[in-house]
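J.: Have a look at this one.
The values are calculated or read from the model by the stated rules, or taken from the named source; none is laboratory data. The model shown is predicted, which means the values in this text are computed figures rather than measured ones. Counting neighbours? That spans all protein chains shown, and the Cβs are built from the backbone with ideal geometry, glycine included.
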Amino acid sequence: MKSPVTLRIDGLSRSIGSRRIVDDVSFTLSQGELLTLVGPSGCGKSTLLRMIAGLEPNDSGRVFVDDHDITSTPPERRHIGFVFQEGSLFGHLRVDQNIAFGLKHLSRSDRTSRVEAMLELVKLSGVARRFPHQLSGGEQQRVALARALAPEPRLMLLDEPFASLDEVLRDDLGQQVAEVLRSTHTPSILVTHDRHEALSLGDRVAVMRDGRLQQVDVPEAVYDRPTNRFVAGFVGVASFLPTADELLTVVRPHQVTVTAGGDDRVVSCEFTGATRRYTVRRVDGSIVVADGPNADGLSTGDACSLTFATDQLHRVRAET
């Protein structure tokens, strides 16, 4: 049974001067779903998120939450949680006081219980009386998440919450945050410019470019069946081979086998750990990136030949 729709965006647009920042964006978000919104810097991701939250105006379009039109509703009445890139915790307040900030409508005992539950949820039960500066970056972001979840928002928005963290911590924290959001069944949109983060965390992935959504689908479909060349190249390493019908064949590195000998030539070879990544110039001049085992013995300049997993390949429009 399909989950009910929590958020519906209909034709949302926003311009600054002559530039269209968000251009006729429409999509839905189901109850308990985590949607990752990915795209290059400046494509309109954060602006779209702020428009949904009511922090920026829209020129046209509507925002619906639980079938209620909230387009003109002030931000504080939308019941939407927001976690920014920098957690924006109140430095003069302890962790427990930060989390309790949006719970003034509750009794003191209920506030205390809710704060304790939130700290347990984000696995930070021992830091209640610390101040933000006494926490690591990852801990601060988990407190920010706990603070945003404490009032039980109808929707959670996260704007590149892991961007300032190192790669290992970012990966670990991303999985932890996704687990917390799913455990509370909170529908969420997570903005990122990191394709790995988008594919690994999202139930669905929305790819944005120049203010427009290019594709919204499950991660496997976005990666294996991209709608156009931009999506194919943005969400993963890809080579593009022309076809007779003016389309392009998308070739991922794992869909190519490199063998020694032949008319093609290894242009470069990169050690990546479990495999080597080869850039190969084919006899027709086209360039293909392929992954191969470390033991194959190929080096830059060696002659080689390529075999493609033709049953796995996908075609896209030539235009970007």
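J.: Quick test of your reading of the structure: ASP166 fulfils all but one of (1) in contact with a helix residue (DSSP H, G or I) (Cβ under 8 Å, 6 or more places away or on another chain); (2) modelled with pLDDT under 95; (3) within 21 Å of GLU197 (Cβ to Cβ). Name the failing condition by number.
T.: Here ASP166 clears every test but (1).
J.: Additional query: Can you give me the number of residues within the stretch 268-287 that are closer than 15 Å to PRO242 by Cβ and either assigned to a strand (DSSP E or B) or of a type in the set (S, T, N, Q) (or both)?
T.: 2
J.: What are the pairs, 6+ residues apart or on separate chains, where a residue within the stretch 82-100 that is in the same structural domain as MET156 (by TED's automatic domain parsing) has its Cβ under 7 Å from a residue that is surrounded by fewer than 16 Cβ atoms within 10 Å (Cβ to Cβ) and assigned to a helix (DSSP H, G or I)?
T.: Once the first residue is in the same structural domain as MET156 (by TED's automatic domain parsing) and sits in the stretch 82-100, its partners that are surrounded by fewer than 16 Cβ atoms within 10 Å (Cβ to Cβ) and assigned to a helix (DSSP H, G or I) give GLY91/HIS133.
J.: I want to confirm something. Restricting to the stretch 22-46 and keeping residues that are β-branched (Val, Ile, Thr) and surrounded by 21 or more Cβ atoms within 10 Å (Cβ to Cβ), which single residue is nearest to ALA178 (Cα to Cα)? Give the steps one after another, and end with the answer.
T.: Let us first name the residues in the stretch 22-46 that are β-branched (Val, Ile, Thr), namely 22, 25, 28, 36, 38.
So of that shortlist, the ones also surrounded by 21 or more Cβ atoms within 10 Å (Cβ to Cβ) come out as 22, 25, 36, 38.
On the way: VAL22: 26, VAL25: 24, THR36: 11, VAL38: 16 Å.
Among those that are β-branched (Val, Ile, Thr) and surrounded by 21 or more Cβ atoms within 10 Å (Cβ to Cβ), it is THR36.
J.: How about the stretch 213-239: which of its residues are part of a strand (DSSP E or B) and either free of Cβ contacts under 8 Å to residues at least 12 places away in the same chain or within 16 Å of LEU199 (Cβ to Cβ) (or both)?
T.: GLN214, GLN215, VAL216, ASP217
J.: Which residue out of SER41, SER88, SER72, SER15 is assigned to a loop (DSSP other than H, G, I, E, B), of a type in the set (Ser, Thr, Tyr) and over 30 Å from LEU173 (Cα atoms)?
T.: Working: SER41 fails: over 30 Å from LEU173 (Cα atoms); SER88 fails: over 30 Å from LEU173 (Cα atoms); SER15 fails: assigned to a loop (DSSP other than H, G, I, E, B).
So the residue among SER41, SER88, SER72, SER15 that is assigned to a loop (DSSP other than H, G, I, E, B), of a type in the set (Ser, Thr, Tyr) and over 30 Å from LEU173 (Cα atoms) is SER72.
J.: Of everything in the stretch 157-193, what is part of a helix (DSSP H, G or I), surrounded by 15 or more Cβ atoms within 10 Å (Cβ to Cβ) and of a type in the set (Gly, Ala, Ser)? Give them in sequence order.
T.: Matches in the stretch 157-193: GLY174, ALA178.
J.: Can VAL218 be described as modelled with pLDDT of 90 or more, closer than 16 Å to LEU29 by Cβ and in contact with a Pro (Cβ under 7 Å, 6 or more places away or on another chain)? Even if it seems obvious, please write down each step before you answer.
T.: Working: modelled with pLDDT of 90 or more: yes; closer than 16 Å to LEU29 by Cβ: yes; in contact with a Pro (Cβ under 7 Å, 6 or more places away or on another chain): no.
So VAL218 fails the test.
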